[in-house]
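Visitor: One structure follows; several queries about it will come next.
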Ligand code: AMP
């Protein structure tokens with residue numbers, strides 16, 4: 001069965017999309033640690049990120065670099081934290097989390113709640129920066 005992320009990529013489940021190209025897809029995490037917390041996912045579905053071949057893995061990092069730059073430009077923060085967990089969704093992905101301190105990337109923190117309008121506005125802010133970068 002397709003992963004929840006493949007279903008998002010295929011448009012079967014809604015998401016707050018930030019960007020995509022032919023191989024990768026970025027969208028807001030629905031349970032964010034911070035405003036702008038984004039997931040970057042390869043369209044090729046595999047559970048464990050280090051099972052990606054070198055080309056896919058390198059491409060995922062390079063795509064994430066562009067997204068991170070846009071998030072950093074859109075959301076006030078000192079840097080973008082990068083995490084790979086994969087404990088919940090068996091489809092390789094990178095978490096990009098705007099951070100000002102180590103505590104901001106503690107995945108045990110309570111997740112933030114945003115309205116749909118707020119999620120949309122955050123995604124738009126990041127997309128605008130992607131265009132202007
Ligand atoms: P992990 O697999 O441990 O890296 O965590 C998966 C992440 O995916 C969690 O932070 C979830 O909040 C997020 N997530 C799960 N389902 C969705 C969804 N439908 N849309 C956006 N984010 C999701």
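Visitor: Checking the structure you have, find out if any residue of region 25-37 is in contact with a strand residue (DSSP E or B) (Cβ under 6 Å, 6 or more places away or on another chain) and more than 26 Å from residue 102 (Cα to Cα).
Guide: Yes - at least one qualifying residue is present in region 25-37.
Visitor: Of (1) touching a residue at least 12 places away in the same chain (Cβ under 8 Å); (2) away from the ligand (no atom under 12 Å from the Cβ), residue 131 satisfies all except one. Which?
Guide: (1)
Visitor: Just the residues that are under 15 Å from the mean Cα position of the chain (by Cα), outside any loop (DSSP other than H, G, I, E, B) and touching a residue at least 60 places away in the same chain (Cβ under 8 Å), please, taken from region 97-124.
Guide: Listed by number, the residues that qualify are 97, 98, 99, 105, 119, 120, 122, 123.
Visitor: Please specify each residue of region 88-102 satisfying the condition of being under 14 Å from residue 37 (Cβ atoms) and away from the ligand (no atom under 11 Å from the Cβ).
Guide: Selection gives 96, 98, 99, 100.
Visitor: Here's a follow-up. So how many residues does region 20-33 have that are in contact (Cβ under 8 Å) with a residue 24 or more places away in the chain and surrounded by 19 or more Cβ atoms within 10 Å (Cβ to Cβ)?
Guide: Number of matching residues: 7.
Each reported figure results from applying straightforward, stated rules to the coordinates on display, with no laboratory input. The structure displayed is predicted, hence computed values, not measured ones. Methodologically, a virtual Cβ is constructed for each residue, glycine included, from the backbone with ideal geometry; neighbour enumeration extends over all protein chains shown.
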